[in-house]
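The values are calculated or read from the model by the stated rules, or taken from the named source; none is laboratory data. Note that this is a predicted model, so its numbers are computed, not measured. Counting neighbours? That spans all protein chains shown, and the Cβs are built from the backbone with ideal geometry, glycine included. All accessible areas refer to the heavy atoms of the entire protein, side chains included, with ligands and DNA or RNA removed. Shrake-Rupley method; radii C 1.70, N 1.55, O 1.52, S 1.80 Å.
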Amino acid sequence: MSPEQLRNKFPWINTEGVALASYGLENEGWFDPWSLLQGLRRKVQSMGVLFCQGEVTRFVSSSDRTETPSGEEVILKKIHEVHVKVDHSQEYQPVECAIVVNTAGAWSGQIAELAGIGKGPPGTLQGTKLPVEPRKRYVYLWHCPQGPGLEAPLLADPSGAYFRRDGLGNNYLGGCSPTAEEEPDPRNLEVDHDFFQDKVWPLLAQRVPAFETLKVKSAWAGYYDYNTFDQNGVVGPHPLVVNMYFATGFSGHGLQQAPAVGRAVAEMVLEGRFQTIDLSPFLFSRFYLGEKAQEHCII
């Protein structure tokens, strides 16, 4: 859309600074993440999947030495048992396993370290870490009686600010990712309301002038499994811990991509290769090779 087309379609948008806009008419939109997660959870439970709530504390593995084609000696590991500390107890449950899929989100880097990943000499494949860490992000819910109507889509501004309507009562939710200098402390989930006042609200009001009169009603914080290397997912097996597979590091896009990633990991486990979609650019080996699959649209 040109700025003129954008103004005609959505008169409440200030098109200053906009050269071109993209508006999805089909197969796009937004969904409630918690509802989708619960739907997927109930489906797999109906198929016989058992959930065990606890913290992984240890991997028991065997190892075997081998050489790469270049003559570098490497150690191949295979995990046989996982120790899981049961919630509200000092006991742990040993779980025998043939396959481990690391989907621990913001904590998947810590889980990888427990398996010995990244513990080798720097600059080697054995010394290459999984570069995924927790990043705290805020979501704010506000009310604005004069705000955009029911036709308002999810809007992602070039500044990084975003919002969408929430229900029918002129409520909206949204936010903006901080800059590297503004990264909040991820050790707690306290909400910084000044961040909205100082950083988010001015961007929203500039793009949607009606939001100058908004009133924040609530807010919450959560974690991104942030891939510091290229802000994109890590999918598939580890080259040295041969029965650990990854589905992590999506940096805020995880639930959107989850159905495709789940299928891709299942294909890799069962068939030894990607079949439906080739996700080889997202293999762990790219961290060692320095081959980024850079994601530029993190909101």
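Per-structure values
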quantity: Every pair of residues 6+ apart whose Cβ atoms lie under 9 Å, when the first sits in segment 280-299 and is of a type in the set (A, V, I, L, M) while the second is assigned to a helix (DSSP H, G or I); calculated: 293/281; 293/282; 293/286
quantity: Residue match in segment 265-276 (condition: touching a residue at least 40 places away in the same chain (Cβ under 8 Å) and either in contact with a Ser or Thr (Cβ under 6 Å, 6 or more places away or on another chain) or crowded, with 19+ Cβ neighbours inside 10 Å (or both)); calculated: yes
quantity: Residue in segment 84-112 that is modelled with the lowest pLDDT, counting only those that are of a type in the set (D, E, K, R) and over 28 Å from residue 272 (Cα atoms); calculated: 87
quantity: Count of segment 277-298 residues which are out of contact with any Gly (no Cβ under 8 Å at 6 or more places or on another chain) and either of a type in the set (D, E, K, R) or on the phi < 0 side of the Ramachandran plot (or both); calculated: 15
quantity: Unique match (being farther than 21 Å from residue 125 by Cβ, in a helix (DSSP H, G or I) and either open to solvent by 60 Å² or more (accessible area, probe 1.4 Å) or modelled with pLDDT of 95 or more (or both)) among 281, 259; calculated: 259
quantity: The lone exception for residue 177 - which of (1) under 18 Å from residue 12 (Cα atoms); (2) open to solvent by less than 40 Å² (accessible area, probe 1.4 Å); (3) among the hydroxyl-bearing types (Ser, Thr, Tyr) it fails; calculated: (1)
quantity: Candidate set: segment 142-157, residues that are open to solvent by 30 Å² or more (accessible area, probe 1.4 Å) and under 27 Å from the mean Cα position of the chain (by Cα); chosen: the one farthest from residue 221 (Cα to Cα); calculated: 153
quantity: Output for segment 232-251, where each listed residue is touching a residue at least 60 places away in the same chain (Cβ under 8 Å) and open to solvent by 30 Å² or more (accessible area, probe 1.4 Å); calculated: 239, 242
quantity: Entirely in segment 1-117, the helices (runs of 4 or more DSSP H) that have 2 or more residues that are surrounded by 13 or more Cβ atoms within 10 Å (Cβ to Cβ) and touching a residue at least 24 places away in the same chain (Cβ under 8 Å); calculated: 33-46, 108-114
quantity: Count of residues meeting criterion [touching a Gly at 6+ places or on another chain (Cβ under 6 Å), surrounded by fewer than 21 Cβ atoms within 10 Å (Cβ to Cβ) and within 24 Å of residue 117 (Cβ to Cβ)] in segment 128-141; calculated: 2
quantity: From the options 246, 229, 274, residue that is touching a Gly at 6+ places or on another chain (Cβ under 9 Å) and either charged (D, E, K, R) or not in a loop (DSSP other than H, G, I, E, B) (or both); calculated: 246
quantity: Residue match in segment 191-208 (condition: open to solvent by 50 Å² or more (accessible area, probe 1.4 Å), in a helix (DSSP H, G or I), over 23 Å from residue 135 (Cα atoms) and touching a residue at least 40 places away in the same chain (Cβ under 8 Å)); calculated: yes
